[in-house]
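A short worksheet on the structure shown next.
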């Protein structure tokens, strides 16, 4: 088995409504996009009251925008008047991921080789603001792997601050860009070891930059460890990185660095 289908839902994302748009800014379009971004892996089905709370808009206005998106084919409504994303809603995201994949034509084969060599799920992603977008994911099927993968496939977003792939990407930024990214982060507990102090995270990123390898020790979720390396190639549209996800009971952080680190670096250099 190779890749899973692209997921249209994104996780851990809160839509933002600008308080004072410019004269050339479409507030209606912004609200429509905000409604679509309200759905995620964790909340695939929403009522109008929930949508209104998320985007901080009245229920009547939320209903009007939601019904417009239903008519356009981007939302579906069930018999209990709950809404979910339609298949059509994933179209632009799928095309975006496919465009990014064109920048790394050899990635599919290299990720398959890495998965087969390590025996664990491997992923490639790009930095999108404070999150990482999975553009490739090759799943392994050993004991505990399904739980460690958290049900996330291609097209899913994960926080940058509590994942190995995210920390590898943040550490690869220039010092000014890294400071800017750190300032934009909102650190929330995810796993038992999530780093919640920006000073501590900054130190972690410095160590990651020096080592060329990032690790996550149950920071994203309990029972999940991962290791990642940035893909350092000129001419790419945005920072990219590779990661390996390991059930925590299978391997310690020290063993991951020693056994998986060299393989990960080699794969990153090949892409």
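Coordinate-derived values only; no laboratory data. Here the structure is a predicted model, which means the values were calculated and not measured. Because the Cβ atoms are built from the backbone with ideal geometry, glycine has one as well, and the counts that use them run over all protein chains shown.
Remarks
- Pair-distance distribution of segment 172-237: all C-alpha pairs, bin width 10 Å, starting at 0; shares per bin in whole percent are 19, 47, 30, 4.
- In this simple spin-label model, placing a label point 7 Å from the Cα along the Cα-to-Cβ direction at both residue 56 and residue 42 gives a separation of 1.9 nm.
- Label-point separation in nm, residue 77 to residue 29, each point 7 Å along Cα→Cβ: 2.5
- On full extension, the segment bounded by residue 206 and residue 258 gains 16.7 nm, given 0.36 nm per residue less the C-alpha separation.
- Each of residue 70 and residue 179 was given a label point 7 Å from its Cα along the Cα-to-Cβ line. The distance between the two points is 5.0 nm.
- Protection proxy ranking for 151-158, 42-49, using the average of other Cβ atoms within 10 Å per residue and placing the highest first: 151-158, 42-49.
- Ordering of 137-147, 178-188 by burial proxy (mean other Cβ atoms within 10 Å per residue, highest first): 137-147, 178-188
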